[in-house]
Amino acid sequence: MSEKYCVITFDTVQQSLVFEKHLIENEIAVKLMPVPRQLSSSCGTAAYVDCKDKEKIQSLCKESSILFDEFHELYQDKKNMWFLNHLKK
Amino acid sequence: MNSKKKMFMYGGVIGLAAAILMKFGNPGNMGMCIACFWRDIAGALGLHRAAVVQYIRPEIIGIVFGAFIVSYLTGDFKTRGGSSPLTRFILGFFLMIGALVFLGCPLRMIIRLANGDLNALVALAGYIVGIFIGVQFLKKGYTLGKNYEQAKIAGFLFPIFALVLLIFLVIKPAFILFSTEGPGSMGAPVILSLILGGVVGVALQRSRICTAGGIRDMILIKDSHFLWGILGIFAFTLIGNLILNFEKINIGFVGQPIGHNDFLFNFLGMALVGLCSVLLGGCPIRQTILASQGDTDAGVTVFGLIVGAAFAHNFGMAASGNGVPTNGKIGVIIGIVFVLIIAYSVVADQKNKATKKSKEVSANV
């Protein structure tokens, strides 16, 4: 069975660094990572967070004007097009 | 297969392609070199008159088509731009000055190392130092700003440019220059170069391998994901050379093909490349792939690389096997100083904006 995990993407690397700093200051678990391939073809950084912290993170970002692109809830997905599956491996 | 193994294998595809292209006629340790290949194209278009480095490299056309087609099929093709294009152009320009003083982009640096050229080790140290300095600016708030969606046609302009280059390569009009001697006259058969370029373009687009990104992530977020791609390029170029180009392996500092052993400027040249790459968000390979998948800022950066290559030769800055000319040394030093000023100014500007914003917030409270 596929497992759910949450990743936040940013428009710039600098936004991810600001985000990480604020979450650490507020004792919310965060780990920066390369953007997962299924989310983007960019080679920038994303933040891995606990899905349970979603609301806390969203309100903190709103209060402190911290910018991010999107909050993603990810599962493993499978495509039926065999050739594209092969390319994505 | 876990993600690191995948990255290693993708890197391996690029490394093997480089070894095969060298076997079939590309210049020494130049199975793949994005900076050299764009420089050759600049020469073929007549933007510089260095007669020994003029050729429309089919590998570049293959890389652009490979990345464009696969990104279009998989939905990765997105036309975006507007993130400080002129700054990117200038950073691309100086990146190329640094690369042509070392004589290679970061990809060729890995390929040179895999064939025993120890000057590349000195260059690698410079590249890491350049990236480390760039990362310090990122930590202090450096950014070129976000990009925005643009009219779709803008994303197709770069692949169209590659198509025009292909037409020039095939019909060879009189105004396109082709070297008759030197590195520009050496190349694997066009069809092989196009096909392997295409394969490399697909591998690079799918994997997102970036030599600067790999080292940047190790320093910034302690993550080795992209670094495995670089290790794959090194390992498979080495294996490919042991099998295909064994007689050309030469471990040492002297007598290396299209390379010199000026330690200081191998170091400083690649430090400039590393610094520019981090500030741009990607090395020359990555910029070429991004430009192929609709990123118009990366397209502007590549044109900065091309113009940088033209100036490097027109102003006598490009190095050769004989060493680095004085103009090249001056160019690299000016480049480092100028790029540091750009980075510092961006950071200072970001700080001013942040201070202004916090003052506005406290005034509203």
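Here the 3J(HN,Hα) profile of the range B:62-78, calculated from phi with Karplus coefficients 6.51, -1.76 and 1.60 at θ = phi - 60°, is x, 4, 5, 5, x, 5, 5, 5, 5, 5, 5, 5, 9, x, 7, 6, 9 Hz, Gly and Pro shown as x. Are any of the pairs A:LYS21/B:LYS78; B:LYS4/B:LYS222; A:LYS54/B:LYS359; B:LYS222/B:LYS359; A:LYS4/B:LYS139; B:LYS4/B:LYS152 more than 24 Å apart by Cα-Cα distance, and if so, which? Exceeds cut-off: A:LYS21/B:LYS78; A:LYS54/B:LYS359; B:LYS222/B:LYS359; A:LYS4/B:LYS139; B:LYS4/B:LYS152. Mind listing which chymotrypsin sites (Phe, Trp or Tyr not before Pro) in the range B:129-209 are in a DSSP loop and have 11 or fewer other Cβ atoms within 10 Å? Qualifying residues, ordered by number: B:PHE175.
Between rounded, prolate and oblate, where does the range B:3-356 land on the alpha carbon gyration tensor, with a ≥ b ≥ c its root eigenvalues, rounded for a/c under 1.5, else prolate if a/b exceeds b/c? Present the calculation step by step, with values, prior to reporting the outcome.
Values: a/c = 1.29, a/b = 1.18, b/c = 1.10.
It is rounded, given that a/c, with a ≥ b ≥ c, falls under 1.5.
In this structure, B:ALA51 and A:LEU39 have a Cβ-Cβ separation that, at R0 = 56 Å, corresponds to a calculated FRET efficiency of about 0.75.
Charging the Cβ of each Asp and Glu at -1 and of each Lys and Arg at +1, and nothing else, the dipole of the range B:186-303 about its Cα centre rounds to 180 debye.
Each label point was placed 7 Å from the Cα along the Cα-to-Cβ direction; for B:ILE128 and B:ASP349 their separation is 3.3 nm.
What's the long-distance tail for the range B:252-365, i.e. % of Cα pairs beyond 23 Å? Value for the range B:252-365 (Cα pairs over 23 Å): 47 percent. When both the range B:244-301 and the range A:1-76 are represented by their alpha-carbon centers, they are found 32 Å apart.
Charge tally around B:ILE233: other residues with Cβ under 12 Å, Lys/Arg +1 each, Asp/Glu -1 each, net +2. Global dimensions of the protein assembly as shown from alpha-carbon coordinates: Rg and Dmax equal 21.8, 74 Å. Shielding value for B:74-82 is 2, the average number of Cβ atoms from other chains within 10 Å of each residue's Cβ.
Under a 5 Å amide H cut-off, with hydrogens placed 1.01 Å from N, A:ALA46 pairs with A:MET33, A:VAL35 among residues at least 5 apart or on other chains. Bridging of B:LYS351 to aspartates and glutamates at a Cα separation below 20 Å is possible for A:ASP11, A:GLU20, A:GLU25, A:GLU63, B:GLU360, once same-chain residues fewer than 8 apart are set aside. GNM, chain B, Cα, under 10 Å: largest mean-square fluctuation among B:ALA188, B:ALA99, B:ALA174? Looking only at B:ALA188, B:ALA99, B:ALA174, the largest GNM fluctuation is found for B:ALA174. Cross-link pairs exceeding 20 Å between alpha carbons, from the set A:LYS31/B:LYS146; A:LYS31/A:LYS52; B:LYS5/B:LYS146; B:LYS5/B:LYS248; B:LYS23/B:LYS248: A:LYS31/B:LYS146; B:LYS5/B:LYS146; B:LYS5/B:LYS248.
Bear in mind these aren't lab numbers, they're just calculated from the coordinates by the rules spelled out. Keep in mind it's a predicted model, so treat the numbers as computed, not measured. All Cβ positions, glycine included, derive from the backbone under ideal geometry; neighbour counts span all protein chains shown.
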